[in-house]
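Report on the following structure.
The values are calculated or read from the model by the stated rules, or taken from the named source; none is laboratory data. Since the structure is predicted, the reported quantities are computational estimates derived from the model, not experimental observations. FYI the Cβ positions are ideal-geometry reconstructions off the backbone, even for glycines, and counts take in every protein chain you see.
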Amino acid sequence: MRDYAKFYIDGMWVDPVNPAWMDLVDPGTEEIHGRLALGGREDVNRAVIAARRAFTAYAGTSVDERKQLLRRILDVFTRRFDEFAEAMRLEMGSPIAFAKKGQAPRVPLHVNVLLDVLEHFSFEEDRGSTRLRYEPVGVCGLITPWNWPVNQVIVKVAPALAAGCTMVLKPSEYSAVSALLIAEVMDEAGVPPGVFNLVNGGGPEVGAAIASHEDIDMVSFTGSTRAGIEVARAAAATVKRVAQELGGKSANILLDDVKLDDAVRRGVSGCFTNSGQSCSIPTRMLVPRKMMAEAASIAAEAAQTYRVGPTDREDTQLGPLVNESQFMRVQDFIRRGIEEGAALVTGGPGRPEGLEKGYFVRPTVFSDVTPDMTVAKEEIFGPVLAIIPYDSDDEAVAIANGTSYGLAAYVQSSNPDRARGLARRLNGGQVHINYPPPDFAAPFGGFGRSGNGREWGEAGLREYLETKAMIGYGAGQ
């Protein structure tokens with residue numbers, strides 16, 4: 001068992017001012033594997049002072065210097081790749097195969113896209129006689145969740161570095177081990193002191209201190225809509241920029257011309273990504289009413305093939321949920337689905353057979369779900385699929401858009417023009433047509449209660465920039 005007792009502030013590993021301690025639990029075994037020191041407002045203030053002191057010098061670095069820094073970060077991360085995969089397996093229950101193939105590779109994918117953006121991005125441009133200049137927003141507070149630990153950190157840290165910002169990172173306390181490895185990478189790569197700082201702690205203590213701090217110019221938050229509302233409230237008094245990527249309840253519309261077997265199986269796979277612990281995955285499958293019975297049968301068969309088990313086995317496809325609280329929450333959603341009359345076609349309450357320990361959930365599929373049911377409205381964050389019937393394309397769009405969320409949407413059709421037409425009508429920051437491969441240069445973010453602002457690629461870089469208009473700059477030339 002190991003104690004994770006230090007924070008990274010001003011280029012040094014330092015002790016918290018007045019630490020509290022939290023046990024770190026392996027969600028696959030329910031065994032304690034370490035202790036994490038949690039900080040508070042005093043630690044945040046130390047980190048902000050360091051970031052503010054470093055800002056002017058770092059903001060003045062050239063784009064080439066920042067690109068070189070990102071390449072060094074990438075080199076160090078690549079060398080330590082397996083450490084990150086193992087950390088995510090241990091701390092949040094990612095099966096080791098998915099940690100290596102799905103979680104950890106996100107870092108080089110995002111950094112390489114950002115390096116490509118920097119090759120062509122103009123930090124100054126002329127519009128008539130006005131010169132537009134894009135400058136770093138300042139000191140940034142970055143608050144990240146546990147479900148995609150290194151991905152969510154890098155899509156904030158990397159563009160902030162690329163823009164010339166300095167920062168204070170608060171990762172989730174449930175994924176702090178991989179975040180501390182990120183801090184080690186930053187240190188080894190030669191990030192200047194004070195540019196990157198890390199303080200561990202809970203949301204009500206460290207998160208609130210970051211959001212309300214008068215010397216932080218921007219806060220970028222990823223997490224639940226409920227927590228995002230509190231971040232925005234805390235930030236309002238200082239009128240800082242707030243960028244948020246929040247919850248989702250994404251619809252996956254299967255039109256009546258699809259190859260149903262393939263479309264349903266791929267939809268189940270999407271819903272079960274990361275054991276269902278993702279905000280943008282297709283958790284509502286909308287199918288023509290006449291296809292409901294067949295779609296439910298295919299989905300049940302597909303779900304039953306998933307291997308749920310120990311996270312250190314290479315053939316495990318679904319690991320545990322992150323902690324006991326999340327496990328109990330998902331169990332409650334499954335019970336409510338049954339009580340409200342959804343047809344349970346596979347899965348259900350309890351652990352999968354043969355798993356006595358760990359926060360494992362049975363892969364679950366409900367059919368004949370109506371839009372007013374809880375499992376159709378609430379973000380569950382577990383391997384639970386709700387299949388909803390519809391009678392027309394217009395009704396499918398109405399059901400898909402009939403939610404307060406708007407992070408992503410999906411549409412499947414053998415007719416690309418029909419799919420494109422429907423995609424234009426869906427409310428979502430990303431609309432995926434016919435199960436496309438990921439595009440890490442595409443803006444990522446949501447409508448409505450799924451947040452504001454965008455991450456990934458050029459859109460992510462722009463979030464960390466202020467626009468200055470120098471009017472008359474070109475006059476008289």
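General remarks:
- Options Ser280, Ser325: the member that is of a type in the set (S, T, N, Q), buried (at least 16 other Cβ atoms within 10 Å of the Cβ) and modelled with pLDDT of 95 or more: Ser280
- Within segment 301-314, the presence of at least one residue that is within 13 Å of Ala386 (Cα to Cα), modelled with pLDDT of 95 or more and buried (at least 16 other Cβ atoms within 10 Å of the Cβ) is confirmed.
- Check on Leu198, surrounded by 24 or more Cβ atoms within 10 Å (Cβ to Cβ), in the same structural domain as Lys67 (by TED's automatic domain parsing), at negative phi and in contact (Cβ under 8 Å) with a residue 40 or more places away in the chain: yes
- The listed residue being aromatic (Phe, Trp, Tyr), touching a strand residue (DSSP E or B) at 6+ places or on another chain (Cβ under 6 Å) and buried (at least 20 other Cβ atoms within 10 Å of the Cβ), out of Phe84, Phe123, Phe55: Phe55
- From the options Asp332, Asp368, residue that is without any contact (Cβ under 8 Å) to a residue 40 or more places away in the chain and farther than 20 Å from Pro95 by Cβ: Asp332
- Test: Pro136 is in contact with a strand residue (DSSP E or B) (Cβ under 8 Å, 6 or more places away or on another chain) and either closer than 30 Å to Leu321 by Cα or modelled with pLDDT under 95 (or both): no
- Selection within segment 363-389 - on the phi > 0 side of the Ramachandran plot and not hydrophobic (A, V, I, L, M, F, W, C): Asp368
- Residue check, Thr130 among the β-branched types (Val, Ile, Thr) and more than 17 Å from the chain's Cα centre (by Cα): yes
- Criterion applied to Leu180, Leu69, Leu90, Leu161 was being of a type outside the set (Gly, Ala, Ser), touching a His at 6+ places or on another chain (Cβ under 7 Å), part of a helix (DSSP H, G or I) and crowded, with 17+ Cβ neighbours inside 10 Å, and the one residue passing it is Leu90.
- Of the residues examined, Gly34 is not one that is assigned to a loop (DSSP other than H, G, I, E, B), crowded, with 16+ Cβ neighbours inside 10 Å and assigned by TED's automatic domain parsing to the domain that holds Ser178.
- Enumeration of residues in segment 353-362 that are surrounded by fewer than 18 Cβ atoms within 10 Å (Cβ to Cβ) and at positive phi: Gly354
- Looking only at segment 247-272, and only at residues there that are in a loop (DSSP other than H, G, I, E, B) and of a type outside the set (D, E, K, R), the one that is surrounded by the fewest Cβ atoms within 10 Å (Cβ to Cβ): Leu255
- Ala97 vs. criteria part of a helix (DSSP H, G or I), touching a strand residue (DSSP E or B) at 6+ places or on another chain (Cβ under 6 Å) and assigned by TED's automatic domain parsing to the domain that holds Leu118: no
- Unique residue being part of a helix (DSSP H, G or I), farther than 28 Å from Asp439 by Cβ and in contact with a Pro (Cβ under 9 Å, 6 or more places away or on another chain) when the list is Phe84, Phe55, Phe77: Phe55
- Top-ranked residue in segment 218-240 [being part of a loop (DSSP other than H, G, I, E, B) and surrounded by 22 or more Cβ atoms within 10 Å (Cβ to Cβ); ranked as farthest from the chain's Cα centre (by Cα)]: Lys240
- Residues (surrounded by 16 or more Cβ atoms within 10 Å (Cβ to Cβ), assigned to a loop (DSSP other than H, G, I, E, B) and of a type in the set (Lys, Arg)) located in segment 418-477: Arg425, Arg449, Arg454
- Restricted to strands (runs of 3 or more DSSP E) entirely inside segment 273-391, those with at least 1 residues that are closer than 22 Å to Thr222 by Cβ are 282-288, 384-390.
- Whichever residue in segment 6-31 is closer than 11 Å to Val199 by Cβ and under 24 Å from the mean Cα position of the chain (by Cα) and, among such residues, is surrounded by the most Cβ atoms within 10 Å (Cβ to Cβ): Phe7
- Residue check: Gly194 meets all listed conditions (1) part of a helix (DSSP H, G or I); (2) under 27 Å from Val17 (Cα atoms); (3) not hydroxyl-bearing (Ser, Thr, Tyr) but one, namely (1).
- Flag for Met285 being buried (at least 18 other Cβ atoms within 10 Å of the Cβ), closer than 19 Å to Pro389 by Cβ and more than 29 Å from the chain's Cα centre (by Cα): no
- Qualifying residue in segment 331-339 (condition: at pLDDT 95 or above, in the same structural domain as Pro389 (by TED's automatic domain parsing), under 27 Å from the mean Cα position of the chain (by Cα) and aliphatic (A, V, I, L, M)): yes
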